[in-house]
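> The structure that follows is given in the form of structure tokens.
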């Protein structure tokens, strides 16, 4: 986790858009012609020896896809599962033991990204019975990359911003933008496995003595994918103050290595927090992912967070959560079972222009995220109290 860095997301999006469209118009006529001439068999009755998954951005969404990938593993237990991903996402997903091999790409600089991509494309040509699963929802370049592997079967999501994929993928999976993201991944898994889905309905093992764990984890950081998801510092500080003054819990501030400095500034700029600095742990970017996951699981009573990767990691670890939403809709990224409604709470104002992220290149508010600025700290605190009271009752029974 100490290697975690934030790339220039806007530059990446522009490169993906314009280079992707250029390559698309350049290669589609050739692809269509070769498809007619070669007449390759794209049926699913010949199992793959290797399945290459592509997910370059978004550790949180990759964690959401875990049940779908596990279903694919059940259907094809002999196949090697490889993940092509950013080096940092590789470190974050590795502890979940989903993949047999990683092909890490450094995405901080476009030139290095291109070199790494070409190296792995050439490597993919040496693999027989290869299938490729593109988990990126909106990327154009990953679709082109998938094509250049020449895999016999290539799966990807189809939706209006990337309709050209229907000419490049062998199997297109309709993406429902109003549905839970995990259900879209499961639908893709159903297509890949030709209808084979055996979800484990067993409940997650309950963590013992949750209420007595020493830390409440708090996260108000996210990648440059959508900084408008953040709470105003004043609201976040108010929540921290309440925890310090009204509970016996210590606070663990999460984030990546680039958030470590801003977390320290936040603590030092506030009188109450600076006085109680001994009860506040700046955990941003301080350890590797495996230790980070162990800390959340073993030392934290719950996580209070905006919509970002730590939310989905915490849920996967069985940690109770309170999530705060503004420009994204929790219905698209959060699925809570009926018997876990109290353990996983959320707060969402549902303003008229939400959700906007992933739907608009230029946000309707121009970046003035009133969907987060208008959230009252007292409303969050009320839900924290409800969650802690539930955990206290649950521990005593």
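The values are calculated or read from the model by the stated rules, or taken from the named source; none is laboratory data. Quick caveat: nothing in here was measured; it's all calculated off a predicted structure. No Cβ is skipped: glycine too gets one built from the backbone with ideal geometry, and neighbour counts run over all protein chains shown.
> Can you report the number of residues in region 342-397 which are part of a helix (DSSP H, G or I) and touching a residue at least 24 places away in the same chain (Cβ under 8 Å)?
Residues flagged as part of a helix (DSSP H, G or I) and touching a residue at least 24 places away in the same chain (Cβ under 8 Å) within region 342-397 amount to 17.
> Could I ask something else about it? Given the conditions (1) part of a helix (DSSP H, G or I); (2) buried (at least 16 other Cβ atoms within 10 Å of the Cβ), which single one is not true for residue 339?
(2)
> Would you pick out the residues in region 112-157 that are surrounded by 16 or more Cβ atoms within 10 Å (Cβ to Cβ) and without any contact (Cβ under 8 Å) to a residue 24 or more places away in the chain?
113, 116, 154, 156
> A follow-up question, please. Residues that are closer than 26 Å to residue 358 by Cα: find the helices (runs of 4 or more DSSP H) completely inside region 211-328 holding 3 or more of those.
Qualifying helices (runs of 4 or more DSSP H): 233-246, 309-317.
> Something else now. Taking residue 282 as the residue in question, decide whether it is over 23 Å from residue 334 (Cβ atoms), free of Cβ contacts under 8 Å to residues at least 40 places away in the same chain and crowded, with 19+ Cβ neighbours inside 10 Å.
Taking the combined requirement at face value, the residue satisfies it.
> Next question. Looking at 308, 323 in this structure, which one is on the phi < 0 side of the Ramachandran plot, modelled with pLDDT of 95 or more and touching a strand residue (DSSP E or B) at 6+ places or on another chain (Cβ under 7 Å)?
Matching residue, one of 308, 323: 323.
> A further question on this structure: Kindly indicate whether residue 6 is out of contact with any helix residue (DSSP H, G or I) (no Cβ under 6 Å at 6 or more places or on another chain), surrounded by 15 or more Cβ atoms within 10 Å (Cβ to Cβ), outside any strand (DSSP E or B) and modelled with pLDDT under 90.
No, not satisfied.
One line per residue, one yes/no per condition, for (1) touching a helix residue (DSSP H, G or I) at 6+ places or on another chain (Cβ under 8 Å); (2) outside the structural domain of residue 334 (by TED's automatic domain parsing); (3) surrounded by 17 or more Cβ atoms within 10 Å (Cβ to Cβ); (4) modelled with pLDDT under 90:
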| position | (1), (2), (3), (4) |
| --- | --- |
| 172 | yes, yes, yes, no |
| 175 | yes, yes, yes, no |
| 179 | yes, yes, no, no |
| 184 | no, yes, yes, no |
| 187 | no, yes, yes, no |
| 198 | yes, yes, no, yes |
| 201 | no, yes, no, yes |
| 205 | no, yes, no, yes |
